[in-house]
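Novice: Quick one: the structure is below, and I'll ask about it shortly.
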Amino acid sequence: MSTHPRQPPSGPPYGPHPGASGPLPGPANPSWMGQVAPQHYLAAPDHRGRPVSSVLPPPDQEAARNPGRLNGGLVGLTVAGGILAFLSLFLVVPFLLANTGTAGFVGGFVASLIPLSLVLLAVAIIDKWEPEPKRLLLFAFTWGAAVSIAVTLLVQPLFVLTFQFSDEPDLRTYMATVQAPIVEEFAKSLGLLVLLLLARKHFDGPVDGVVFAFTIAGGFAFTENILYFGRAIAEAPGPGGDFAQVFFLRGVMSPFAHAIFTGTTGLIMGFAARRWHTGVSILAFFVGLLPAMFLHNRWNSMGNGFLVDYIVVQVPIFCLAVAGIVVLRVAEKRLTRQRLLEYSAAGWFTPAEVELLGTIGGRRTVLNWAAGYGKKQQMKDFLRAATVLANIRQRILSGRDVQLHQAEERKQLQRVLALRAAIVA
């Protein structure tokens, strides 16, 4: 396929191209993200116009016996998540109504949509290069908004019983600076562990970890904001007052607080996901909780010097988080481009196509070109298929479950060729 913006494509959709027999272009490890051990490196299957069936190994028998391992268990995860969320509502909703009243609950719900929209907008921007399945994002949100809240409500009394305080202010300080960071971060991050273990096909890097963590945290903050906003509305003697102050503190100054806390756990678990090892994933879960709990504790510990701490500590942390996400996005694009270059060396793409598929500017160019021929949606599907293919190759190079991933690779290469043929038709 040619994706040149000025000319319609011509010729066979996947014929040989100059330089296809040369060495692998570029380094196998383009960045610190996605490093590959030399003993695990496998060249992409050689194509150069030959039928897929003669290039790729036949489907692995284990893959045929265990199709659920290839689809990541999405159906079971979706059903189980829906049931858990539904059951959690029987605990969460009565708790909210008891603390806010009906009017406060409705007002808090509406007001909470504003900071939630900011978090979900950030998720959409971060997730733009390789969008996660919507059902997994829905699972992550409902886990944060319902399941993690329910877990917090169930576990929280244990902390009160374990440590008895005769002084009410001391109890409140303890609950805010010790109980909340430990219980809330554990409850939220438990959803990340579920996703990593049961949907690891879609959770295979630090960017995915941040996306899922932000979504879970956004859901948690949404429900928590209903409580705080609703209580302020219910207890206010008149319009405005306490609600305006609470909304400014939580909705304007700190809509990303929970996202940054849990995002550190998602980041660490995302790096562990590159290892494709269950034990490493579980270890990363516990290790990732430590910075999340620490950041949560520091936030809740801000007292009389709140404004100074906010400017001196919290704003730089937010800026560092933004910079880190930008670096991750750049590294993700470089990794995608490198893996596609390896398929290019094997004859599946031309080097020029990789430049168009592996950069933001190139993707914008081919989408505009395809729109002129009424095939913008087909081009979007092709871009996503190429990105998925690059990630499958990265999983092959992890050295674990190689045959299962090669079965995925076989299907995805066939899909890439079919989508290319649809564009050039």
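The values are calculated or read from the model by the stated rules, or taken from the named source; none is laboratory data. None of these values were measured; they are calculated from a predicted model. Here Cβ is always computed from backbone atoms with ideal geometry, including for glycine, and neighbour counts include all displayed protein chains. For the accessible areas, the whole protein counts, side chains as well, though only heavy atoms, and no ligand, DNA or RNA atoms are used. Shrake-Rupley method; radii C 1.70, N 1.55, O 1.52, S 1.80 Å.
Novice: Enumerate the residues in the range 386-401 having an amide nitrogen under 20 Å from the point lying 7 Å beyond the Cα of Val287 toward its Cβ.
Specialist: Backbone N within reach: 395, 398-400.
Novice: A further question on this structure: Cα convex hull of the range 79-150: how many Å³ per residue?
Specialist: Hull volume normalised by residue count: 84 Å³.
Novice: Follow-up question, since we're still on this one. How do 180-187, 266-273 rank on mean C-beta neighbours within 10 Å, highest first?
Specialist: My ranking of the peptides, most packed first, is 266-273, 180-187.
Novice: Hey, another quick one. At a 1.4 Å probe radius, carbon and sulfur cover how many percent of the accessible area of the chain? Don't skip to the end; give the middle numbers.
Specialist: Working: 13040 of 19630 Å².
About 66 percent, which is the carbon plus sulfur part of the accessible surface.
Novice: A further question on this structure: Over its Cα atoms, what ratio of radius of gyration to 2.2 N^0.38 Å does the range 245-343 give?
Specialist: 1.34
Novice: Using the heavy atoms of the protein chains and a 1.4 angstrom probe, tell me the accessible area per residue for the chain in square angstrom.
Specialist: On a per-residue basis, 46 Å².
Novice: For the range 110-118, in order, what is each residue's ³J(HN,Hα) by Karplus, 6.51 cos²θ - 1.76 cosθ + 1.60 with θ = phi - 60°, in whole Hz (x at glycine and Pro)?
Specialist: Listing the rounded values in order: 5, 5, 5, 5, 5, x, 4, 4, 5 Hz.
Novice: Could you work out how far apart the two model spin labels at Ser166 and Ala352 are, taking each label as a point 7 Å from the Cα in the direction of the beta carbon, and quote it in nm?
Specialist: Result for the modelled spin labels: 8.4 nm.
Novice: Note down the nm distance, to one decimal, between modelled labels 7 Å out along Cα→Cβ at Phe159 and at Leu42.
Specialist: If labels sit at Phe159 and Leu42, their model points lie 4.7 nm apart.
Novice: Starting from the exponent 0.38 and prefactor 2.2 Å, build the expected Rg for the range 186-232 from its residue count and divide its actual Cα Rg by it.
Specialist: After normalising by residue count via 2.2 N^0.38 Å, the value is 1.37.
Novice: Rank by packing, highest mean first: peptides 158-165, 203-210, 398-405, with packing defined as the count of other Cβ atoms within 10 Å averaged across residues.
Specialist: Values: 158-165: 11.0, 203-210: 24.9, 398-405: 17.5.
The packing order, highest mean first, is 203-210, 398-405, 158-165.
Novice: Per DSSP H run of n ≥ 4, the term is -39500 (n - 2.57); total these for the chain, divide by its residue number, and report the mean residue ellipticity at 222 nm rounded to 500 deg cm²/dmol. Mind showing how you got there, number by number?
Specialist: Details: 18 runs with 291 residues, N = 425.
Value at 222 nm, helices only, nearest 500: -22500 deg cm²/dmol.
Novice: Ok, one more. Listed here are the pairs Lys128/Lys201; Lys134/Lys380; Lys376/Lys411; Lys134/Lys201; Lys333/Lys380; Lys188/Lys333; which of them are more than 20 Å apart at the Cα?
Specialist: Result: Lys376/Lys411; Lys188/Lys333 exceed 20 Å.
Novice: Once you have the Kirkwood Rh of the chain from its Cα pairs, apply Stokes-Einstein at 20 °C and 1.002 mPa s and quote D in µm²/s. All intermediate terms of the calculation are to be shown ahead of the outcome.
Specialist: On the way: Rh = 23.5 Å.
My calculation gives 91 µm²/s for D.
Novice: Residue-wise, which Karplus ³J(HN,Hα) couplings in Hz belong to the range 221-226, taking 6.51 cos²θ - 1.76 cosθ + 1.60, θ = phi - 60°, and x for glycine or proline?
Specialist: Whole-Hz 3J(HN,Hα) from phi for the range 221-226: 4, 4, 5, 5, 5, 4.
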